[in-house]
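Participant: Supplied in structure tokens, the structure appears directly below.
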Amino acid sequence: MKFLKGALIVIALIVVASVTWYGSYKNDMKDLEDGLRTYLIVEKGMDEHDIISITARRSKMPQYPVVVILKDNPQEVVYTQREEQWVQLWPDP
């Protein structure tokens with residue numbers, strides 16, 4: 001009986017830790033997407049209606065690529081954030 005209780009507690013802790021990590025990860029990706037959207041609209045002067053989608057992708061840390069698809073360009077544009085500054089990775093600027 002003690003073994004069963006201990007196993008259930010360990011499983012519950014693993015589930016809580018996993019859900020917490022996943023929520024933190026999704027929040028980080030959302031912050032990157034929102035940050036790039038702000039950068040493109042405020043600093044680059046783009047119209048928000050020209051941006052079809054902005055999607056942060058999982059990748060090797062510490063860089064996370066953020067992919068932008070624009071209305072007038074079907075090709076993906078990839079950005080990453082380095083030291084609080086947005087840098088275009090692909091295609092070469």
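The values are calculated or read from the model by the stated rules, or taken from the named source; none is laboratory data. Predicted model only: the values in this text are computed from it and were never measured. Cβ coordinates were reconstructed from backbone atoms using ideal geometry, including for glycine residues, and neighbour counts include every protein chain displayed. Side chains are part of the model used for accessible areas, which takes the heavy atoms of the whole protein and leaves out ligands, DNA and RNA. Shrake-Rupley method; radii C 1.70, N 1.55, O 1.52, S 1.80 Å.
Participant: Rounded, prolate or oblate: which fits segment 46-89, taking a ≥ b ≥ c as square roots of the Cα gyration tensor eigenvalues, rounded meaning a/c under 1.5, else prolate when a/b beats b/c?
Facilitator: Because a/c hits 1.5 or more and a/b exceeds b/c, segment 46-89 counts as prolate.
Participant: I would also like to ask the following. Where does the chain land at 222 nm, in deg cm²/dmol rounded to the nearest 500, when only DSSP H runs of n ≥ 4 count, each adding -39500 (n - 2.57), divided by all residues?
Facilitator: Value at 222 nm, helices only: -14500 deg cm²/dmol.
Participant: Which listed residue (21, 41, 73) has the Cα farthest towards the positive end of the charge dipole for the chain, taking +1 on Lys and Arg C-beta and -1 on Asp and Glu C-beta about the Cα centre?
Facilitator: Looking along the dipole axis, the top candidate is 21.
Participant: Can I ask one more? Lys and Arg at +1, Asp and Glu at -1: add these up for the other residues within a Cβ distance under 11 Å of residue 71 and post the number.
Facilitator: On the way: positive: none; negative: 47, 48, 50, 72.
Charge balance near residue 71 sits at -4.
Participant: What pairs in 5/30; 30/71; 5/60 have C-alpha atoms more than 28 Å from each other?
Facilitator: Going by Cα-Cα distance, 5/30; 5/60 fall outside the 28 Å limit.
Participant: Give the accessible surface of the chain per residue, rounded to a whole number of Å², with probe radius 1.4 Å and ligands, DNA and RNA excluded. Numbers along the way, then the final one.
Facilitator: Numbers: 7200 Å² over 93 residues.
Each residue of the chain exposes 77 Å² on average to a 1.4 Å probe.
Participant: I'd like the orientation of helix 2-38 relative to the chain: the angle between its Cα long axis and the longest Cα principal axis, in ° from 0 to 90, rounded to 10.
Facilitator: That helix lies at roughly 10 degrees to the long axis.
Participant: Given H placed on each backbone N at 1.01 Å, which residues far from residue 46 in sequence or on other chains put an amide H within less than 5 Å of it?
Facilitator: 41
Participant: Probe radius 1.4 Å, ligands and nucleic acids ignored: give me the carbon and sulfur share of the accessible area of the chain as a rounded percent.
Facilitator: 58
Participant: What longest range of the chain stays clear of loop-exposed GluC sites (Glu not before Pro) (DSSP non-H/G/I/E/B, at most 12 other C-beta within 10 angstrom)?
Facilitator: 1-82
Participant: Turning to a different aspect of this structure: Quick one: ranking 26, 71 by accessible area, 1.4 Å probe, largest first, what do you get?
Facilitator: Ranked list, largest accessible area first: 71, 26.
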